[in-house]
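Asker: Could you have a look at this structure, given as structure tokens, before my questions?
The values are calculated or read from the model by the stated rules, or taken from the named source; none is laboratory data. Being a predicted model, the structure only gives us computed values, none of them experimental. Neighbour counts are summed over all protein chains in view; Cβ atoms, including those assigned to glycine, are modelled from backbone coordinates with ideal geometry.
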Amino acid sequence: MLVVMQEGATEAQIEHVIARLVELGFDVHRSTGVIHTVLGGVGGNDFDPSLFEVMDGVKEAHRIVSPYKLASRNFKPGGTVVKIREVEIGGNRVVMMAGPCSIENHDQIQRCAEIVAASGAQVIRGGAFKPRSSPYSFQGMGEEGLKILREAADAHGLLVVSEVMDQTQIPLMLGYCDILQVGARNMQNFNLLKELGKVRKPILLKRGIAATIEELLLSAEYILAGGNYEVILCERGIRSFETATRNTFDVSAIPVVKKLSHLPMVGDPSHGTGRRDMVPAMARAAIAAGADGILMEVHPDPDRAMSDGAQTLDEPQFRELMTQLRGIATAVGRSV
């Protein structure tokens, strides 16, 4: 259910419509745009949209036929911009997020922060808790890793994004991170998504390795339905029959999601390909396709990285790529 209020509708008129929606059994989510206020009703009973169209202050009312109501572009036609301090994700500027796959030690993360900041990126990424396919692989530094990541970020004026593995880690992560990342393996961890709907920090939701676009948007719906509207979607590659790359980076998902949803969309070409020689091409393609940001892996010595070194750029490669991405962004009417 979607009710679009008229331009200049009073607060009393809006509250009256909300009250009627609640009477009909809807959970109401309010989106205030530049011109119109949009009321999204989730659940509820069958109704005739004309009942709302005749109410004072209402411009139009519609049933929403897509299974994702709050993630739909109809809910917020102008798009969502997630603002964290001075950084806006979903606006004209393409936001760059970079850093190592894993936080390994103090010196490594400090050096990574220097590289990221000097190249003009706004966010440093780094895993403190690592979901690894093998139980014998490096699993991350835990809270100590978060501490040194936060310290390095603050020293260089960067924001922090790091992955939360389950709902018990949320309170800890909130103390160190500006953005909480949900990894591909947890895209359909619905208990985690429900808990993240209760927090008031941005969530970066990665597409699962075998997930359809609709499934990605329905996972986002769990977070939005909980009241957290600051969700950033991420295309990170899907598993296919192809063996030349680690995953198949689905560039076409970016414009598709931008058409279907109001949520910002970023691309992760590092996981999308698994090969550092392919990362630049896919990063360029993602910006050309409309991505609102790029998430990639950078390390001062990738060949000695404790995880995912094969898909990680070194400093010269990252600097060169950042220069290229500025050119691509300018060509499509944006900036980096």
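Quick grid of which residues meet (1) of a type outside the set (A, V, I, L, M); (2) within 21 Å of ILE124 (Cα to Cα):
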| site | (1), (2) |
| --- | --- |
| LEU180 | no, yes |
| GLU215 | yes, no |
| LEU233 | no, yes |
| PRO264 | yes, yes |
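Asker: Could you please give the count of residues in region 277-308 that are without any contact (Cβ under 8 Å) to a residue 40 or more places away in the chain and either crowded, with 18+ Cβ neighbours inside 10 Å or part of a helix (DSSP H, G or I) (or both)?
Answerer: 8
Asker: Additional query: Would you check which residues across region 151-168 are surrounded by 19 or more Cβ atoms within 10 Å (Cβ to Cβ) and either in a helix (DSSP H, G or I) or not assigned by TED's automatic domain parsing to the domain that holds GLU114 (or both) and list them?
Answerer: Result: ALA152, ALA153.
Asker: Does GLY142 qualify as being exposed (fewer than 15 other Cβ atoms within 10 Å of the Cβ), assigned by TED's automatic domain parsing to the domain that holds ILE294 and more than 27 Å from GLU86 (Cα to Cα)?
Answerer: Answer is yes for this residue.
Asker: While we're here: Mind checking which pairs have a first residue in region 310-324 that is in contact (Cβ under 8 Å) with a residue 24 or more places away in the chain and over 19 Å from GLY272 (Cβ atoms) and a second that is of a type in the set (Ser, Thr, Tyr) and crowded, with 16+ Cβ neighbours inside 10 Å, Cβ under 9 Å, 6 or more apart or different chains?
Answerer: Qualifying pairs under 9 Å: GLU315/SER119; ARG319/SER119.
Asker: For GLU195, state whether it is in contact with a Lys or Arg (Cβ under 9 Å, 6 or more places away or on another chain) and in contact (Cβ under 8 Å) with a residue 12 or more places away in the chain. Give the derivation first.
Answerer: Working: in contact with a Lys or Arg (Cβ under 9 Å, 6 or more places away or on another chain): no; in contact (Cβ under 8 Å) with a residue 12 or more places away in the chain: yes.
Considered against the rule, which asks whether it is in contact with a Lys or Arg (Cβ under 9 Å, 6 or more places away or on another chain) and in contact (Cβ under 8 Å) with a residue 12 or more places away in the chain, GLU195 comes out as no.
Asker: Further, regarding this structure: Let me confirm something: among GLY327, GLY293, which residue is out of contact with any Lys or Arg (no Cβ under 6 Å at 6 or more places or on another chain), small (Gly, Ala, Ser), assigned by TED's automatic domain parsing to the domain that holds PRO100 and over 15 Å from PRO269 (Cβ atoms)?
Answerer: One residue alone meets the criteria, GLY327.
Asker: Restricting to region 135-173, what's the tally of residues that are hydrophobic (A, V, I, L, M, F, W, C), more than 22 Å from the chain's Cα centre (by Cα) and modelled with pLDDT of 95 or more?
Answerer: 3
Asker: Going by the conditions given, is ASN105 within 18 Å of the chain's Cα centre (by Cα), assigned by TED's automatic domain parsing to the domain that holds TYR229 and surrounded by fewer than 21 Cβ atoms within 10 Å (Cβ to Cβ)?
Answerer: Against the criterion (within 18 Å of the chain's Cα centre (by Cα), assigned by TED's automatic domain parsing to the domain that holds TYR229 and surrounded by fewer than 21 Cβ atoms within 10 Å (Cβ to Cβ)), ASN105 does not qualify.
Asker: Could you check region 91-102 and list, in sequence order, the residues that are crowded, with 21+ Cβ neighbours inside 10 Å, within 16 Å of the chain's Cα centre (by Cα) and outside any strand (DSSP E or B)?
Answerer: VAL94
Asker: Let me ask something else about it. (1) touching a Gly at 6+ places or on another chain (Cβ under 9 Å); (2) buried (at least 24 other Cβ atoms within 10 Å of the Cβ); (3) without any contact (Cβ under 8 Å) to a residue 60 or more places away in the chain: which one isn't true of LEU233, the others all being true?
Answerer: Exception for LEU233: condition (1).
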